[in-house]
Amino acid sequence: MDEMLREFVVEALDLATNVEEHLLSLERNPGDMNTLNAVFRSFHTIKGGAGFMNLTAMVSACHLTENLFDALRTGKAAVTPEAIEAALEASGFVADQLAALNNGTPPEQLSTMPAALERMLTDAIEGGSSAAAPASAPVAAAPVAAPVTAPVAQVAPATATAEANNKDGEIDWTAYYRAVVPPGTLPEPVADVIAAPVADLHAAAPAPASIREETEAVKATLATPDAAIKQNAPAKEESIRIDAVKLNTLLEVAGESVQAANQAAVLLEKLSQFKFDGQAAPIMSALTETLTRASRYSTELQRATLATRMQPVGRLFQKFPRLVRELARDLGKDVDLVISGAETEVDRVVVDSLYDPLVHMLRNALDHGIESAEDRAQANKPVRATISLKAWQEASSVMIEVSDDGKGMDAQKLRDKAVSKGLINSHDARTDDEAFQLVFLPGFSTKEVASSVSGRGVGMDVVKTAVERHRGAIRIASELGKGTTFLIRLPIELSIVPTMVVRTDGASLALPMATVQRVVELPEEFESVGGQPVLRDLGRPLPVKSLGRILGYSPASERVGIVIAAPSPYILSVDSVDGTADLVIKPLTCITTPGVTGTARSAEGELVLVISLSFLIDGCKVREMMSA
C-alpha cells in the first residue's frame, strides 16, 4: 500500500469511528443538528478522499449516505430507527472496506456496494421502511475484507487437506503444510489449478515433477540456515513513527517550562531589589546561576521539540497534482497545477490540518472557478487553465495561496443567493469583501443541483472551520472575469504564539503579533465619517474601534491605538500596552466566546485572554453580526 493510500486509510478510519459514535448519539437525541452536520461532513470528507483513490464502492455508499443526511437535516426525512440503521450499515460497510485496505487488500479487489445496503439507504431517504427487505443480515455478512476476485488456490489447501485425511487411511503431511503456510509461498502442483473451479480441485492430480519440487521447497523452508534468516531480517529503523498527539504534548510541556522559567526570572528580578548579606549572598548568587541555566535548557528543549515537528509543506503539496489531473479529466477541463514554495517548513500538525481545506479549495476552483474550454475561448483566454498553489513564510505565520485564472466571483450574485436561502438579510454583506466571505456560510452553494464534486454547501464551511480551529484566518480576493485567490494564514507552530499584551477595563488581553503593525497615540477628539470615529494614519483615514466595547467590557479611557493589518485596515483602541510576550495558548473547550481563541498565563502569572486572529482580520465584526 503506497503512502498516500495509507494516510487516507488512517484518517478515514478515525472519521468512520467518530461517525458510529455520532450515529449512536443521534439515535438518543434525534433533534441534535450539530451531530447531524458532523456526520454529514464526515461522510463528505471520506467520499472526497475515496474518490481521489478511485474507490468507487466507498464513494457510492458515502454519496447515498450524504443524500440521506441532507434529507434529515433539511427536514425532508425524519430521524427514524430505520434511518439510523441504514446509516450504521453504511458506516460499517465503509469501515470494513477501510479495514480491508489496511490489511493489504488491493483496491481493485474490494467488494462492490451490496444491493441490500443501497435499498436500505434509498428507503430511508424516501421515508419508507426497509422492513420488506431485511438487509441487516446480508449486509453484515458481506465478505468485505476478503477480495472478491481472490485466487481459488487460497481455498484449495483446506479442501485438499480434508480429502487427504481419508486417503487410504494415511495423513498427507504435504497437504497439511500447504494449508498453514501463506498463499503463494510454495509452487502450485498444477499450473491450471488457479483457474480451476473449487468443485474440480479433487480431480486435479499433481504431476510427479511438481510433487518433487514441492517436497524440496518444504525441506528447504524447514531447514533454512541462520545465515539466510539474518539476511532476510528487516533493516534497522533509522526513524520511528510517533503519534502527533504525543509530540503536541511534548511541545506543550516544553512551552510550559519556558513559561515557568520566565516567571522565575521575574521573581528573581524582584528579589534582586533587596540586599542580601552574609550567608544569603552566595545562596542568591547560586540561585541566579541555576535559574539562568534552567531557562537556557528549557529554551533549547522547546527548540528541539519544534524541530521534530517541522516539515516542508511539499510533503502535502505532492498529493495534489494527481487530484487536479483526474478531477479536471472528469469535468472535461484542461488545467495545469503550478506549485511553488514547497520547501516552506511548518509544524506537522499544521501540515496535516491543511489537507482537507486544500482539497476542498482545489475542487471548488476546478468546478466553480475554471470555465469550460468553449467559455474560455469566447473570453479570449488560453484553453488550458492554470491553478496556482503557493506557500511562503511571513513573520511567525505560514501563508498558503490557492488562485485560479477562471471566471471570478460575482459579489452581487453571491448576495442574492444568500438572501434567497435565508442566510443573511438584504442589508448585510454590503462590500465585495463581505460578499465573498458568504461562501463560507454552512449550506451556501451557487449550484442548483448537487454532484459528486460540489453543490451541497459544505466544502467551504469545512475550510473555514479547519483553518480557525488552528488559530488561522482565510481571505478571498476575486475579480470578475480574471480569477479568484484564497489566502490562508496559519501560525508556523501552534502552542506558543508571539503576542502584544494590552489592557482594557483592567483586563489583560493578547493580540497575535501577525496582525499588529504599530502603536499610535489617540487624540481626545476624532473626526467622524458616517458616525464612525476616524483617525488619519500615514495619510490614510482609518476607522477606530474600541476593543473593550466590542468584547463587552465597560467603556474606559482608551488613549492607545493598535493599527491592525487586515484587508480593510483599522485602529483598535485600548487602555494601555504592557509589551510583547510569547505565550503558551490553552484553547477554550467548555465555552465559546466570540473573538477569544484561548487563554494563557503571563510571566507574572496573570490570566490573559488571547484574541482570535480571524476575529481581528475580519474587523471585529463577529459580535456585531450576532447581536444584529
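Remarks
- Verdict on Val502 being free of Cβ contacts under 8 Å to residues at least 40 places away in the same chain and outside any helix (DSSP H, G or I): no
- Screening Ser528 with (1) outside any loop (DSSP other than H, G, I, E, B); (2) more than 30 Å from Lys417 (Cβ to Cβ); (3) open to solvent by less than 60 Å² (accessible area, probe 1.4 Å); (4) at pLDDT below 85 gives one miss only, at (3).
- Residue pairs meeting the criteria (Cβ under 6 Å; at least 6 apart or on separate chains; first closer than 16 Å to Val59 by Cβ, in segment 79-94; second open to solvent by 40 Å² or more (accessible area, probe 1.4 Å) and not in a loop (DSSP other than H, G, I, E, B)): Ser91/Glu20
- For segment 54-73, the count of residues that are in a helix (DSSP H, G or I) and over 25 Å from Ala116 (Cα atoms) is zero.
- Total residues in segment 441-462, condition within 22 Å of the chain's Cα centre (by Cα) and either charged (D, E, K, R) or at pLDDT 85 or above (or both): 2
- Of the residues in segment 507-514, none is assigned to a loop (DSSP other than H, G, I, E, B) and surrounded by fewer than 21 Cβ atoms within 10 Å (Cβ to Cβ).
- Among the criteria (1) open to solvent by less than 50 Å² (accessible area, probe 1.4 Å); (2) more than 17 Å from Val19 (Cβ to Cβ), the one Ala78 does not fulfil is (1).
Quick grid of which residues meet (1) open to solvent by 30 Å² or more (accessible area, probe 1.4 Å); (2) under 22 Å from Thr431 (Cα atoms); (3) touching a helix residue (DSSP H, G or I) at 6+ places or on another chain (Cβ under 8 Å); (4) of a type in the set (Phe, Trp, Tyr):
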| site | (1), (2), (3), (4) |
| --- | --- |
| Pro533 | yes, yes, no, no |
| Gly539 | yes, no, no, no |
| Ser554 | yes, no, yes, no |
| Arg559 | yes, no, no, no |
| Val563 | no, yes, no, no |
| Val577 | yes, no, no, no |
| Ile591 | yes, no, no, no |
| Gly595 | no, yes, yes, no |
| Ser602 | no, no, no, no |
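- Residue within segment 250-268 that is part of a loop (DSSP other than H, G, I, E, B) and modelled with pLDDT of 65 or more present: no
- All of (1) open to solvent by 60 Å² or more (accessible area, probe 1.4 Å); (2) in contact with a Leu (Cβ under 9 Å, 6 or more places away or on another chain); (3) under 16 Å from Arg489 (Cα atoms) hold for Glu401 with one exception: (1).
- Residue ID - modelled with the lowest pLDDT, chosen from residues in segment 8-41 that are loosely packed, with under 15 Cβ neighbours inside 10 Å and under 30 Å from Phe320 (Cα atoms): Thr17
- Considering residues of segment 579-589 that are more than 24 Å from the chain's Cα centre (by Cα) and open to solvent by 40 Å² or more (accessible area, probe 1.4 Å) only, the residue farthest from Leu441 (Cα to Cα): Thr580
- Given (1) aliphatic (A, V, I, L, M); (2) open to solvent by 20 Å² or more (accessible area, probe 1.4 Å); (3) over 22 Å from Pro567 (Cβ atoms), number of the condition Ile496 does not satisfy: (2)
- Any hit, segment 604-627, residues being more than 26 Å from His470 (Cα to Cα), touching a residue at least 40 places away in the same chain (Cβ under 8 Å), among the charged types (D, E, K, R) and buried (at least 16 other Cβ atoms within 10 Å of the Cβ): no
- Qualifying residue in segment 573-589 (condition: more than 30 Å from Ala264 (Cα to Cα) and in a strand (DSSP E or B)): yes
- For Leu487, the test of being hydrophobic (A, V, I, L, M, F, W, C), open to solvent by 20 Å² or more (accessible area, probe 1.4 Å) and either touching a Lys or Arg at 6+ places or on another chain (Cβ under 7 Å) or closer than 20 Å to Asp352 by Cα (or both) is passed.
- Selection within segment 42-58: residues that are open to solvent by 20 Å² or more (accessible area, probe 1.4 Å) and under 19 Å from the mean Cα position of the chain (by Cα). The member of this set that is nearest to Asn102 (Cα to Cα) is Met53.
- Flag set for Leu572, criterion: closer than 28 Å to Phe526 by Cα and open to solvent by less than 30 Å² (accessible area, probe 1.4 Å).
The values are calculated or read from the model by the stated rules, or taken from the named source; none is laboratory data. Since the structure is predicted, the reported quantities are computational estimates derived from the model, not experimental observations. Every residue, glycine as well, gets a Cβ built from its backbone with ideal geometry; the counts of neighbours run over all protein chains shown. Quick note on the areas: whole protein, heavy atoms, side chains included, nothing else; ligands and nucleic acids left out. Shrake-Rupley method; radii C 1.70, N 1.55, O 1.52, S 1.80 Å.
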